[in-house]
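Structure first, then comments.
The values are calculated or read from the model by the stated rules, or taken from the named source; none is laboratory data. What you see is a predicted model, and the numbers here were worked out from it, not measured in a lab. Cβ atoms come from the backbone with ideal geometry, glycine included; neighbour counts cover every protein chain shown. Heavy atoms of the whole protein, side chains included, go into the accessibility calculation; ligands, DNA and RNA do not. Shrake-Rupley method; radii C 1.70, N 1.55, O 1.52, S 1.80 Å.
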Amino acid sequence: MLEDLFDKRGIVGARLEKIFEEKGYTKATICKESGVSRPTMDKILSGTLTNKTNYEKHMQKLCNYLKLSPDALIGNGINRANKTRQLRNAMNITSETLAKRTGISIERLKLIESGAAASTAELRDVALCLGVSVNVLQGMNFFEPQIAQSEFHSGVYGTEELELNGFWGHVGILLNNRKEYLWYPITESTRNHILSSMENERLVMPCMNNKVLYLYMPNVKEIILNSFDCDTPEYVNWNPNVDCGEIPLVVYDAMEDYVVMDQNCIETELISKEFMRYLSQLINQKKWTESEMHEVMDGTVVYYNDGTIRHLSVNFGNGFETLSGEISIIYDFGKTEVADNVILVTDYQDSEIVINLKNVSMIQSPLIQVENAICSEFD
């Protein structure tokens, strides 16, 4: 159906471009014989035509000319939600540049962009270059995209289809019975979400360093928002070691495979040799131990109102836990649905831990794991 094409127009544009190339069609010829103008054709191919009525009208012309059904343009690939093309266009990165930086051929990238199945290693290489997570790349993210400011591009640009935000600054959080602020890098979207949700009893903040924060606001003294172009706040404890969102979330996703694999192994379907090299350099630079890496990629920290801290390894994949569900409800609606303010979480030893949320100031959890759990619940 034509309306289905509009929802997948990034992939459809990539498929059309590939069809033109395979059949030897030029855009000039197609435009002349199908009755689609050149500016409109360029928007169709790039997936940026945002008027649904116009899109469907012109796609009908192209389908008639090419003698293709709408289903043929969508295809049956398992990677139909792939957003590589839209992200690349939004960041003004050409397919040639992406191919050069990932080591993936242009031909292979075109297949991936048009919805073909891709290996985890390929998706991670592309996500690293674009500064996102694999979830964002596949259109399977729950939180707003966290776009790292990588060496490959100095900024990102919004479109009507994809609202992209890079690093905005830091949020400093002062909890009850604590003297020091906790600092996290955030996007502009998160900053706006914080400002619009400050009056809520509970607040969820996705952060760029693979943290998602759950705050019970009655137990929070103060929150500071400090943009990247502001001076270092002298009146509070500033942590100079907090990053500026420059590490893409895909790094935290791949780190577990890195830890369990032989670091001298050849390229695999999970992680490429180049990605292994990147991780090795990053880990050496950060001087992370293996335990610190586990804390970064899957550690959950509960800050209680009396000042005590509890470190947990929560099994977010366990159907009995409700922390990810609580986070999703608060992020979407701002109000809890947890009965009696009590949630149950399980750790990797299958111990069940009951937490009274009114005794909590903040719970810090790994964003990627929480997002995967939420999306699996939706599925």
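Taking the condition more than 30 Å from THR232 (Cα to Cα) and at pLDDT 90 or above, does ASN135 pass? So ASN135 fits the description; yes. Within segment 211-244, the residues that satisfy the criterion of being among the acidic types (Asp, Glu) and modelled with pLDDT under 85 are ASP229, ASP231, GLU234.
Counting the residues of segment 28-52 that are surrounded by fewer than 18 Cβ atoms within 10 Å (Cβ to Cβ), under 30 Å from the mean Cα position of the chain (by Cα) and not in a helix (DSSP H, G or I) gives 2.
Listed by first and then second residue, the pairs with beta-carbon distance under 7 Å, at least 6 apart or on different chains, first residue in segment 32-56 and over 15 Å from PRO70 (Cβ atoms), second in a helix (DSSP H, G or I) and of a type in the set (Phe, Trp, Tyr), are GLU33/TYR65; SER34/TYR65; LEU49/TYR55. Based on what the data block shows, is ASP347 modelled with pLDDT under 85 and more than 21 Å from the chain's Cα centre (by Cα)? Considered against the rule, which asks whether it is modelled with pLDDT under 85 and more than 21 Å from the chain's Cα centre (by Cα), ASP347 comes out as yes.
Residues of segment 100-142 that are without any contact (Cβ under 8 Å) to a residue 40 or more places away in the chain, over 24 Å from GLU371 (Cα atoms) and open to solvent by less than 10 Å² (accessible area, probe 1.4 Å): LEU109 alone.
Conditions: (1) under 28 Å from VAL126 (Cβ atoms); (2) modelled with pLDDT of 85 or more; (3) hydroxyl-bearing (Ser, Thr, Tyr). TYR65 meets all but one. Number of the miss? Looking at each condition in turn, TYR65 falls short on (1). A single member of TYR25, TYR55 is among the aromatic types (Phe, Trp, Tyr) and assigned to a helix (DSSP H, G or I), and it is TYR55.
Restrict the check to segment 338-354 and report whether at least one residue is on the phi < 0 side of the Ramachandran plot, open to solvent by 70 Å² or more (accessible area, probe 1.4 Å) and in contact with a strand residue (DSSP E or B) (Cβ under 6 Å, 6 or more places away or on another chain). Yes, some residue in segment 338-354 is on the phi < 0 side of the Ramachandran plot, open to solvent by 70 Å² or more (accessible area, probe 1.4 Å) and in contact with a strand residue (DSSP E or B) (Cβ under 6 Å, 6 or more places away or on another chain).
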